[in-house]
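Working notes, structure below.
The values are calculated or read from the model by the stated rules, or taken from the named source; none is laboratory data. Because the structure is predicted, anything quoted here is derived from the model rather than measured. Heads up, the Cβs are rebuilt from the backbone with ideal geometry, glycines too, and the neighbour counts pull from every protein chain shown.
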Amino acid sequence: MSTISDISQYLTYKLGDEVFALDISQVREVLDFTTVTKIPQTPDFMRGVINLRGNVVPVVDLKLKFGMNITEKTVNTCIIITEISIEGEKTVIGALADSVQEVIELGPGQIEPAPKIGTSLRTEFIKGMGKRNETFIIILDIDRVFSAEEIAAVKGSEKEMPQAEADVRG
């Protein structure tokens, strides 16, 4: 979708020992971990939904999505509220992170293309690999992390909370 040509700002956060980054333009806010209402019959990585100022927001566990261990609640665990675009439709989701680090600027010279690891591993959701102080930062293309089907399953979960149904589309 987008190429990295100018200096951009990224929100860095940790999943396990790895540092990831999201383009700051897609981040709405960062919340402390709160109670997540589990929705039955949703994918494993779908942890549930939260009520965000009257709107139902699905919460996903990126660690589970990436084949890592489930995100455990600690004092640093947070929910990154992000806006993603799937097939032209905007969707707001919350992504669990072990901790949020900082907002950084990276220029094109600090970012390398995503590694090609063969055909068995999906890497199309990696926009690039940033490098800062000898640490690699995996820059996600959050719009490509989830398939349209997965987002449909997540969006369908919003309807499970009737008290907020009227607020969901707003």
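Taking first residues from the stretch 142-154 that are within 14 Å of residue 64 (Cβ to Cβ) and surrounded by fewer than 17 Cβ atoms within 10 Å (Cβ to Cβ) and partners that are aliphatic (A, V, I, L, M) and modelled with pLDDT under 80, no Cβ contact under 9 Å between residues at least 6 apart in sequence or on separate chains turns up.
Of all residues being without any contact (Cβ under 8 Å) to a residue 40 or more places away in the chain and within 17 Å of the chain's Cα centre (by Cα) in the stretch 1-35, which is surrounded by the most Cβ atoms within 10 Å (Cβ to Cβ)? Just the residue, please.
If we take residues in the stretch 1-35 being without any contact (Cβ under 8 Å) to a residue 40 or more places away in the chain and within 17 Å of the chain's Cα centre (by Cα), then 25 is surrounded by the most Cβ atoms within 10 Å (Cβ to Cβ).
The set of residues in the stretch 87-146 that are touching a Lys or Arg at 6+ places or on another chain (Cβ under 7 Å), of a type in the set (Gly, Ala, Ser) and under 22 Å from residue 56 (Cα atoms) contains only 97.
If the condition is being at positive phi and modelled with pLDDT under 90, then the stretch 2-44 contributes only 41. Listed by position, the helices (runs of 4 or more DSSP H) enclosed by the stretch 45-159 that each have at least 1 residues that are under 16 Å from the mean Cα position of the chain (by Cα) and modelled with pLDDT of 85 or more are 62-65, 142-145.
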